[in-house]
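Trainee: Can you keep this structure in mind? I'll have questions shortly.
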Amino acid sequence: MLSDVRVLDLSDGFGLMCGQLLAAMGADVQQWVLPHQAELLQDSPHWRAYTRGKGVQVLDWRGADRARLEAELALADVLIEPEASDLLESLGLDAATLAARHPGLVQVAISGFGRSGPKADYAWTDLTATAASGYLYVTGSDALPPLRISAPQAHAHACADAAVGVLIALAERARSGRGQRVDAAGQQSLTLALLARGLDGRVGQDRAQRSAYGGRIGGVHLRNQFQARDGWVVVLQGVLPPLAAFMERLMAWVHEEGLCSERDLQWPWGQAAVQMLQGQITEADWAPVQSGIERLIAARSKAELMDEAVRRRLLIAPVLSVADLLDSEHLRSRGFVRRDQQGVRLGPFARFYATSTRAAQGRPEFSQAASATAQSPSLGFSPAPGAGPLAGLKVLDLFWVVAGPGATRMLADYGATVVHVESTRRLDMVRNVPPYVGGQMDPERAACHHTTNCNKLNVTLDLGTDEGRAVLADLIRWADVFTESFAPGVVARMGFGYDRVRALNPHIIMISSCLMGQSGPWSPYAGYGNLAAAVSGFHSLTGYPGQPPTGCFGPYTDFTSVRFNALAILGALRRRGRTGEGQYIDMAQAEAALHFLAPQCLEYLEHGRVDTAAGNRDREHAPSGVYPTLGVDRWIALSVTSDDQWRSLCTLAGMDDLLDAGLIGLEARRAAADVIDQRIADWSATQDGQALETCLQQHRVPAHRVPDTHDADDAQLAHRGHFIAAGAPGAPRRRRRGVDAPAAVTDPGPAPRARALVRGGQPHRAARPAGL
């Protein structure tokens, strides 16, 4: 798909995954590493995972090989910059100079906070960028400090956003001839995983609470995690309208096993949440239902429960490790783990049935040779006049919830005409979850729906009628892209399988996005991203050692899949521009999400090691933790990445005695982690969080306070234009998350030029609300 694209990748850590995704889509990616870094990086699981498929070369591009750098820049379509912005600037190659010398170059910057703004120079780690996003606050238990996923994630969100931005920038270059600048920030990218709860304060919703193991609706505590015979299982109790049928089937099974009475089958499942809020259903009323589920789960193994969940279509998910999923019969049947003479590798993030991604190759070898590729930019649709690089692209969007609609919003933000189809009979799940404008539980006031679907044209169709299907057929004839996220087989039974769709429109690109993919024994498995997060390893990697996993907040694989859906669509369009061929795409959330855990997957596949939850501690940084500050439920995230930072922290916190005791060096600090954490907590609890963040950053210690969902006025997000006001006639003005892809295009002008434009900048059109 990107075989005409040449990428020079100078990243050395945080930005590596972006180039690997482009390589997996066929780009010629040359990864250059400085000599002093080579030996250290080769032993890094992160490096090995995210340089697969690249040509890796050891070059002193800052010194002896400077001429080769200049020559490569003249050939490259895309430059992925080093994480440290001053490395290129020290050579006189700042963004403006690069744009002047290479006007067609797409420049990509990937960092913790972005290349400009009040926090651009902040020291960062995965923990502190996650804290700054707000995602840390909502993960974990309310009785304990906020939690990270025990596998770095901020870099992956930023890199996947940046890869989408590269394809959008290439579309603009094909149209105008001008290169672009893509600036992706871990802080901002990870805000997507908040499920719009970052809007709580702005729309008048109560702040979100950490709710591991379940949550409270009115006076009823709904558990979502139960103990099976051999481990933990996530169960969604269906008390909202889209979940009612799932709950009815679950309780029928509970009754079949004699674990509840006939009376316990009579609840109006889809209305139960409202009745709980109104006090019509009490904790005592619900106790027999919850008890029946608990006893059903306790009597069975995780494997048995997964089989029944698939067979009966239940919202039950065993908490698996990456090893469990990689070894599953399901992934074996889909050939996801691939082995050859070069080593072991993961399969593609999506299956393309007119072509295939070039799955990442085995362990990279360092070499000295590079090959040039011709530049032949192309579009898979007819460009239209307008201010967006995707103007002229027509998308028929039957995606729902977040994983799909978030991707089509990216396309809409950059000019595509997206027709989003809904049903009034089965409301989209995101119309049934907070935040709500004014805190009023109303599908038309659901802020997550509005921010996920703004800038689209919205229509309701009843696809159970001949008239509704006729309209859908007309829209398929019109569209370049047709998206759907029904359970496998559903759209075909409606009469719109790929064969029929292709007959209506031979050049169309169709994408089907679901949890487990369109084939394999688990393909009928239905549910949401929080279930896929349990199955694909994220849940088991979030918690404290020796304790039940808390799991990560929300439908986590929905947020990872947003980017993969967008990448798949844009890549297929680019290929269609060269070949004229349409394409069918099978996107499985659980498989795609494993690319966010690629180092953990390779550690298991190569060495048999299985990572487990480690709280907020880190294998590469110590101390690493979340510590209390003044106030109720106020925290600061702090990581130490060097001995110099450790000395500064000890001096600031009055802990010089720890230095005198010989606690210098990573391993010494890790061995004394319990003592160090307690000393830091005793000190930080007496400090104002914002003042402490500022002080630590002044001493180059990575730290950031942990904002809750009412702390939306972050100076860095404001600088990047993250929140955009939008409204409808007769409705209150609402706040939306910013543009969902990290590239913005150069303003039209008479001469080619590149401006530094950022993710979240003003889109080509004002954000339009997404009413029903």
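Trainee: Given the C-alpha centroids of the range 300-337 and the range 201-265, what is the distance between them in whole angstrom?
Mentor: Centre-to-centre (Cα) distance: 20 Å.
Trainee: Express in nm, to one decimal, how much length is gained between SER519 and THR424 on full extension, taking 0.36 nm for each residue of separation and deducting their alpha carbon distance. If you can, show how the numbers build up before the last one.
Mentor: Numbers: separation 95, 0.36 × 95 = 34.20 nm, distance 2.98 nm.
Residue separation times 0.36 nm, minus the Cα-Cα distance, leaves 31.2 nm.
Trainee: Compute the orientation-averaged projected area for the range 200-336 from the convex hull of its Cα atoms and round it to one decimal in nm².
Mentor: 10.2
Trainee: Find which of ALA67, PRO524, GLY662 sits farthest along the positive direction of the dipole of the chain, computed with +1 on the beta-carbon of Lys and Arg, -1 on that of Asp and Glu, about the Cα centre.
Mentor: Farthest towards the positive end: PRO524.
Trainee: Quote the accessible area belonging to LYS456 in square angstrom, nearest 10, computed with a 1.4 Å probe and with ligands, DNA and RNA left uncounted.
Mentor: 10
Trainee: Related question: Under 5 Å between amide hydrogens, which residues at least 5 positions from ALA228 or on another chain qualify, with H placed 1.01 Å from N in the peptide plane?
Mentor: VAL233
Trainee: Measure off 7 Å from each Cα along the Cα-to-Cβ vector at ALA503 and GLU444, then give the distance between these two points in nanometres to one decimal.
Mentor: Distance between label points: 4.0 nm.
Trainee: Please report the net charge: other residues with Cβ closer than 10 Å to the Cβ of GLY380, K and R +1, D and E -1. Walk me through the numbers before you get to the answer.
Mentor: On the way: positive: ARG574, ARG575, ARG576, ARG578; negative: ASP480, GLU581.
Local charge sum for GLY380: +2.
Trainee: How would THR408, THR579 rank on accessible area, largest to smallest, probe 1.4 Å?
Mentor: THR579, THR408
Trainee: Another question, then. Per residue, how much accessible area does the chain have with a 1.4 Å probe, in Å²?
Mentor: 34
Trainee: Where does the chain land at 222 nm, in deg cm²/dmol rounded to the nearest 500, when only DSSP H runs of n ≥ 4 count, each adding -39500 (n - 2.57), divided by all residues? Mind showing how you got there, number by number?
Mentor: Details: 31 runs with 275 residues, N = 772.
Counting only the DSSP helices, I get -10000 deg cm²/dmol.
Trainee: Based on the alpha-carbon set only, what is the convex hull volume of the range 27-100 divided per residue, in Å³?
Mentor: Values: hull volume 7.3 nm³, N = 74.
Roughly 98 Å³ of hull volume per residue.
Trainee: Would you please give the FRET efficiency between GLU70 and ARG263, computed as 1/(1 + (r/R0)^6) with r the Cβ-Cβ distance and R0 = 56 Å, to the nearest 0.05?
Mentor: 0.10
Trainee: For the charge dipole of the chain, defined by +1 on Lys and Arg C-beta atoms and -1 on Asp and Glu C-beta atoms about the Cα centroid, which residue among HIS330, VAL562, GLN697 has the Cα displaced farthest towards the positive pole?
Mentor: Of HIS330, VAL562, GLN697, it is VAL562.
Trainee: Run the lone-cysteine check on the chain: no other Cys C-beta under 4.7 Å from the residue's C-beta.
Mentor: Within the chain, the cysteines lacking a partner Cβ under 4.7 Å are CYS260, CYS448, CYS454, CYS514, CYS552, CYS601, CYS650, CYS695.
Trainee: Taking R0 as 25 Å, what's the FRET efficiency between ASP43 and ASP121 from their Cβ-Cβ distance, rounded to 0.05? List each step's numbers first, then the result.
Mentor: Numbers: r = 30 Å, r/R0 = 1.19.
My answer for the efficiency is 0.25.
Trainee: Quick one: 3J(HN,Hα) in Hz for the range 174-183, Karplus 6.51/-1.76/1.60 with θ = phi - 60°, rounded, Gly and Pro as x.
Mentor: 5, 8, 10, x, 9, x, 9, 10, 10, 10
Trainee: Let me ask something additional. How many percent of DSSP beta bridges within the chain run antiparallel, rounded to 5?
Mentor: Taking every DSSP beta bridge within the chain, about 45 percent pair in antiparallel fashion.
Trainee: Report in % the part of the accessible area of the range 92-230 that belongs to carbon and sulfur, leaving out ligands and nucleic acids; probe 1.4 Å.
Mentor: On the range 92-230, the fraction of accessible area on carbon and sulfur atoms equals 48 percent.
Trainee: Continuing with the same structure: Compute the length gained on full extension between TRP683 and ILE664: take 0.36 nm times their separation in residues and subtract their Cα-Cα distance, giving the result in nm to one decimal.
Mentor: Going from the current span to full extension adds 4.9 nm.
Trainee: Work out from phi, with θ = phi - 60° and the Karplus expression 6.51 cos²θ - 1.76 cosθ + 1.60, the ³J(HN,Hα) of each residue of the range 448-453, listed in order in whole Hz, and give x for Gly and Pro.
Mentor: 5, 4, 5, 6, 6, 10
Trainee: Here's a follow-up. With +1 on each Lys and Arg Cβ and -1 on each Asp and Glu Cβ, and nothing else charged, work out how big the dipole of the range 1-112 is about its Cα centre, in Debye to the nearest 20.
Mentor: On the way: 8 positive and 16 negative charges, 49 e Å.
Result for the range 1-112 is approximately 240 debye, rounded to the nearest 20.
Trainee: Across the range 530-645, what fraction of all alpha-carbon pairs, as a whole percent, falls in each successive 10 Å bin from zero upward?
Mentor: Bin by bin from 0 Å, the calculated values are 12, 28, 31, 19, 9, 3, 0.
Trainee: Going by amide H atoms built from the backbone, whose H comes under 5 Å of the H on VAL56, apart from near neighbours?
Mentor: Here the answer is GLN31, GLU365, SER367, since their amide H atoms fall under 5 Å of that of VAL56.
Trainee: Let me ask something else about it. Could you size up the charge dipole of the chain around its Cα centre, putting +1 on the beta carbon of Lys and Arg and -1 on that of Asp and Glu, and report it in debye to the nearest 20? It would help to have the intermediate numbers written out before the result.
Mentor: Details: 76 positive and 81 negative charges, 436 e Å.
I would put it at about 2100 debye.
Trainee: Hey, if you drop one equal point scatterer on each alpha-carbon of the range 65-113 and run the Debye formula without solvent, what base-10 log of I(q)/I(0) do you get at q = 0.14, 0.23 Å⁻¹?
Mentor: Evaluating at q = 0.14, 0.23 Å⁻¹ gives log10 I(q)/I(0) of -0.32, -0.88.
Trainee: At 1.4 Å probe size, with the rest of the protein present, what percent of the exposed accessible area of the range 270-330 is carbon and sulfur atoms?
Mentor: Carbon with sulfur: 48 percent of the solvent-accessible area.
Trainee: Next up: For the range 607-701, state the semi-axes of the equivalent ellipsoid (square roots of 5 times the eigenvalues of the alpha-carbon gyration tensor), sorted largest first and rounded to whole angstrom.
Mentor: Working through the eigenvalues yields semi-axes of 22, 17, 12 Å.
Trainee: Report, as a whole number in µm² per second, the diffusion coefficient that Stokes-Einstein gives for the range 169-211 at 25 °C and 0.890 mPa s using the Kirkwood radius over alpha carbon pairs.
Mentor: For the chosen part, D equals 183 µm²/s.
Trainee: Specify the inter-centroid distance of the range 537-607 and the range 145-193, based on alpha-carbon positions, in whole Å.
Mentor: The distance from the Cα centre of the range 537-607 to that of the range 145-193 comes to 15 Å.
Trainee: Further question: Each residue of the range 127-132 in turn: what ³J(HN,Hα) in whole Hz from Karplus with 6.51, -1.76, 1.60 and θ = phi - 60°, glycine and Pro shown as x?
Mentor: For the range 127-132, the Karplus curve yields 5, 6, 5, 5, 4, 5 Hz.
Trainee: Continuing with the same structure: Ignoring any ligand, DNA or RNA, what whole percent of the accessible area of the range 547-677 comes from carbon and sulfur when the probe is 1.4 angstrom?
Mentor: Carbon and sulfur together cover 50 percent of it.
Trainee: On to the next question. Over the Cα atoms of the range 208-251, compute the convex hull volume and normalise it per residue, giving Å³.
Mentor: Hull volume normalised by residue count: 97 Å³.
Trainee: From the Cα trace of the chain, what convex hull volume per residue do you get, rounded to a whole Å³?
Mentor: 154
Trainee: Related question: Report the semi-axes of the equivalent ellipsoid for the range 599-647 in whole Å, largest first, where each axis is √(5λ) for an eigenvalue λ of the Cα gyration tensor.
Mentor: 29, 16, 6
Trainee: Can you work out the FRET efficiency for the pair ASP307 and VAL632, with r the C-beta to C-beta distance and R0 = 45 Å, to the nearest 0.05?
Mentor: 0.50
Trainee: Taking H placed 1.01 Å from N in the peptide plane, check which residues at least 5 places from ALA387 or on another chain put their amide H under 5 Å from its amide H.
Mentor: none
The values are calculated or read from the model by the stated rules, or taken from the named source; none is laboratory data. These numbers come from a predicted model, not from an experiment. Glycine also receives a Cβ, built like all others from the backbone with ideal geometry; neighbour counts cover every protein chain displayed. Note: areas computed on protein heavy atoms with side chains; ligands, DNA, RNA excluded. Shrake-Rupley method; radii C 1.70, N 1.55, O 1.52, S 1.80 Å.
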